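Taking it in order: structure first as structure tokens, then the write-up.
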Ligand SMILES: [Zn+2]
């Protein structure tokens with residue numbers, strides 16, 4: 001009898017604590033990391049597009065900040081980690097240099113754009129390399145989703161950045177943002193909207209094409225530390241949820257974009273350069289923007 005009890009105890013302990021056991025995996029927090037490029041430290045001007053003289057350096061700096069976040073998550077006991085390359089052609093992160101523990105989502109088009117792969121199985125979202133919204137003063141490389149097209153995006157009447165928009169997509173699934181990394185504007189906005197989450201100020205924007213940053217190693221050390229702390233505090237954070245239905249206003253830079261998008265019978269033209277559509281939820285709003293983006297950028 002004693003032997004049977006000890007054997008049962010041993011099996012129970014193995015099921016609970018073995019790194020391979022389903023129980024152990026199920027308990028580990030799942031983390032989704034959306035990665036943009038313009039908010040990475042030292043990416044200030046000619047580092048964001050293939051063909052620019054310093055793009056390869058940009059890719060390495062970006063990959064290093066993502067790795068720092070992954071290391072911090074793992075140190076805090078994270079389970080599955082999904083990284084979403086969410087800038088430009090979405091093929092900037094160098095796959096073979098990325099931490100082996102993470103999966104990588106690459107390339108566009110994909111239905112949820114910068115948040116592809118997010119769902120209610122995740123426990124927390126991290127934004128790396130995020131930048132301020134279009135029109136922000138003293139904001140290095142600021143824009144909102146599509147720099148050449150959109151002058152402003154509003155959700156339920158409120159102008160949003162990519163961080164707010166994507167946090168609301170995660171919020172649709174009940175997943176909170178736990179760490180945000182970017183310039184002083186991004187950090188301020190995160191603290192004002194997402195509660196007492198972890199943040200890393202990777203740069204102090206001086207102007208649209210200039211910023212001051214600590215050494216990349218210093219920035220990465222802080223990202224690692226804050227990611228670890230964020231995962232340890234993961235139960236404290238609340239999802240960022242917007243009201244449904246979602247009223248989406250798109251203000252274009254070019255009048256023809258508003259005119260032609262409003263040919264769709266359910267799209268309302270509210271100004272010369274602006275349209276408005278009501279969607280059931282943030283996923284539908286995200287897919288609409290993604291469709292416009294994909295149709296215009298077909299290769
Ligand atoms: Zn962006």
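Answer yes if at least one residue in segment 229-240 is more than 23 Å from the chain's Cα centre (by Cα), touching a residue at least 12 places away in the same chain (Cβ under 8 Å) and not in a strand (DSSP E or B), and no otherwise.
Checked against the condition, which is being more than 23 Å from the chain's Cα centre (by Cα), touching a residue at least 12 places away in the same chain (Cβ under 8 Å) and not in a strand (DSSP E or B), segment 229-240 yields no hits at all.
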| query | Are any of the residues in segment 194-205 out of contact with any helix residue (DSSP H, G or I) (no Cβ under 6 Å at 6 or more places or on another chain) and either within 13 Å of the ligand (Cβ to nearest atom) or in a strand (DSSP E or B) (or both)? | reply | yes
| message | Any residue that is touching a helix residue (DSSP H, G or I) at 6+ places or on another chain (Cβ under 8 Å), part of a loop (DSSP other than H, G, I, E, B) and within 12 Å of the ligand (Cβ to nearest atom) - is there at least one of those in segment 58-80? | response | no
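When you look at residue 121, is it more than 14 Å from the ligand (Cβ to nearest atom), surrounded by fewer than 22 Cβ atoms within 10 Å (Cβ to Cβ) and at pLDDT below 95, yes or no? If you could, list the steps in order and put the result at the bottom.
Working: more than 14 Å from the ligand (Cβ to nearest atom): yes; surrounded by fewer than 22 Cβ atoms within 10 Å (Cβ to Cβ): yes; at pLDDT below 95: no.
Judged against the criteria, residue 121 is not a match.
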| field | Evaluation of residue 139 against (1) in a helix (DSSP H, G or I); (2) closer than 30 Å to residue 254 by Cβ; (3) touching a helix residue (DSSP H, G or I) at 6+ places or on another chain (Cβ under 7 Å) (one fails), failing number | value | (1)
| field | Count - residues of segment 81-97 that are surrounded by fewer than 18 Cβ atoms within 10 Å (Cβ to Cβ), part of a loop (DSSP other than H, G, I, E, B) and at pLDDT 95 or above | value | 2
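Which residues, counting only those in segment 84-98, are away from the ligand (no atom under 14 Å from the Cβ) and in contact with a strand residue (DSSP E or B) (Cβ under 8 Å, 6 or more places away or on another chain)?
Hits for segment 84-98 are 91, 93, 95, 98.
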| When segment 134-192 is examined, which residues are found to be away from the ligand (no atom under 13 Å from the Cβ) and either on the phi > 0 side of the Ramachandran plot or at pLDDT below 95 (or both)? | 135, 137, 138, 156, 157, 174
| message | So the check is Cβ under 7 Å with 6+ separation or different chains; which pairs have a first residue in segment 40-62 that's on the phi > 0 side of the Ramachandran plot and a second one that's surrounded by fewer than 16 Cβ atoms within 10 Å (Cβ to Cβ) and in a loop (DSSP other than H, G, I, E, B)? | response | none
| note | Of the listed residues (156, 166), the one being touching a residue at least 60 places away in the same chain (Cβ under 8 Å), under 30 Å from residue 276 (Cβ atoms) and surrounded by fewer than 17 Cβ atoms within 10 Å (Cβ to Cβ) is 156
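The values are calculated or read from the model by the stated rules, or taken from the named source; none is laboratory data. Keep in mind that what you see is a predicted model, and the values were worked out from it rather than measured. Ideal geometry is used to build each Cβ from the backbone, glycine not excepted, and the neighbour counts take in all protein chains shown.
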